[in-house]
Amino acid sequence: MNRGKKRTMSHIKGEQAVNLLKKYFPDSWVVREYTPDYGIDLSVELFNQYGNDYITTGEHIFFQVKGTADIQIESLKVKERNNVEKEYFFSEKDVTNIDVIKFVIETELLVTVEKMGSAVPVILCVVDLKTENAYFVCLNDYIEKIIVPMDSNYFNKKTKTIYIPMGNKLNSEDGVHIVEWYAKRPKLYALFNKINYQKRELLYTNQNNMETIITHFLKILLRSDAWSAQNYFGAMDVVKREIDYYIKYGTTEETEQLINIKISEGVDVDKKEWEATYCTGLVSFREAQQVQSLQHLWDKLCLMGDVFEDVTKEAFLPTCLGIAISEPE
C-alpha cells in the first residue's frame with residue numbers, strides 16, 4: 001500500500017542542513033532544536049574552556065536553518081549612503097558589485113524576528129547541500145537596515161527576497177568567532193543602557209561627589225561581561241583603555257595633559273578662581289578639568305552605542321555601510 005504519513009523532501013533537506021550546521025560548532029556548545037518550530041530552528045548556548053571542563057558564557061543565539069540543493073547566485077549593486085540633516089539620501093553612484101545568495105523567505109518569519117527586537121540575534125543560515133557551505137545573515141539587522149527603510153509594508157507580502165553575501169560562510173576560519181560576536185549582543189545592549197542611565201545621573205552630580213559616584217559607576221560597568229567583546233569591537237577597546245587608566249591613576253590622560261600645560265604656563269591650577277561647565281561655584285583648574293574629562297569619558301562611552309547602532313550592525317550585510325541595495329520588489 002502507498003498510503004500513510006509522508007516524509008517530505010523539505011523535511012529531509014531541513015534535517016540535513018541542521019546536521020551539517022551542527023558540525024561547524026565546537027563540541028562544547030549546546031545545540032537545542034525546537035520541535036515544532038515557529039520560525040526558530042535552533043538555540044545555541046556557548047561555552048568556553050575552563051581548565052579541563054567548559055563553563056557557560058551565558059550567551060545564546062538563535063538560528064533559522066534552510067537547506068537547498070539549488071543555490072541561486074547573483075551579482076548585486078551596492079550603493080552609498082549619505083547622511084544629510086538626519087535623513088537618508090541614496091547616491092545613484094554604484095559603489096561595487098558583490099556576489100550574493102538570493103533566497104526567498106516567508107514574511108511571517110521576518111515579522112516574528114522584528115517583534116523579537118534587536119537585542120536577540122536571529123541568524124538565517126542557508127546551507128548548500130551540494131557544497132556543504134553554510135551562508136548566514138543576521139535577520140534582525142537585515143530587517144532594520146535594509147528591508148524597513150526600503151519597504152516598510154513588507155509584511156503585506158507573502159514572501160521577501162533576502163540577499164546573503166557569499167563571503168558570509170559559517171564554515172570558514174572566522175565562522176565560530178562571528179557566531180560568538182552576535183551572541184554577545186544582549187550583553188552589549190545591557191551595557192549601553194546602563195551607560196546612558198549613568199550619563200544622565202552624572203549631569204546632576206555635584207563636583208564634590210563626582211569622584212565617589214564615578215568610582216561606583218565604573219565598578220558596576222566593569223562587572224559586565226560585555227567587555228569580553230572588546231576584541232571584536234574597536235570602539236569598546238579604546239574606551240576600556242581610558243577606564244583602566246582612570247582606575248589605576250585616579251585621573252584621566254586628558255586631565256593630566258591639560259594640567260601639565262597650565263603648570264608649564266605658570267598657572268596656579270589649585271587656586272579656586274574658575275567657573276566651569278558641570279561645576280557650581282568657583283573651582284580650581286584641576287577640579288574643573290577632572291570633572292569635565294570624566295563627563296567626556298561618559299560621552300565616549302555613550303558613543304560606543306551610537307557607533308554600534310549606526311555602523312557596526314551593518315557588518316555582514318549586503319551594504320556599503322548603507323541601506324539601498326536594490327529597488328523594492
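Residues in segment 120-160 that are in a strand (DSSP E or B), of a type in the set (S, T, Y) and out of contact with any Ser or Thr (no Cβ under 9 Å at 6 or more places or on another chain): Y135 alone. Please verify whether segment 187-198 includes one or more residues that are open to solvent by 60 Å² or more (accessible area, probe 1.4 Å) and at pLDDT below 95. No. Evaluated against (1) open to solvent by 30 Å² or more (accessible area, probe 1.4 Å); (2) among the aromatic types (F, W, Y); (3) farther than 30 Å from Q72 by Cβ, F155 falls short on exactly one condition, (3). A Cβ distance below 6 Å, combined with a sequence gap of six or more or placement on separate chains, defines the contacts here; from segment 203-218, residues that are free of Cβ contacts under 8 Å to residues at least 60 places away in the same chain reach residues that are not in a helix (DSSP H, G or I) in the pairs I213/T205.
Looking only at residues in segment 136-152 that are over 11 Å from L110 (Cα atoms) and open to solvent by 10 Å² or more (accessible area, probe 1.4 Å), which one is nearest to the chain's Cα centre (by Cα)? Among those that are over 11 Å from L110 (Cα atoms) and open to solvent by 10 Å² or more (accessible area, probe 1.4 Å), it is K145. Residues considered: I213, I123, I147, I178. Of these, the only one that is of a type in the set (V, I, T) and modelled with pLDDT of 95 or more is I123. Listed by position, the strands (runs of 3 or more DSSP E) inside segment 28-119 whose residues that are at pLDDT below 90, open to solvent by less than 50 Å² (accessible area, probe 1.4 Å) and among the charged types (D, E, K, R) number at least 1 are 72-84.
The values are calculated or read from the model by the stated rules, or taken from the named source; none is laboratory data. These numbers come from a predicted model, not from an experiment. Counting neighbours? That spans all protein chains shown, and the Cβs are built from the backbone with ideal geometry, glycine included. Heads up: the accessible areas ignore ligands, DNA and RNA and are worked out on the full protein's heavy atoms, side chains in. Shrake-Rupley method; radii C 1.70, N 1.55, O 1.52, S 1.80 Å.
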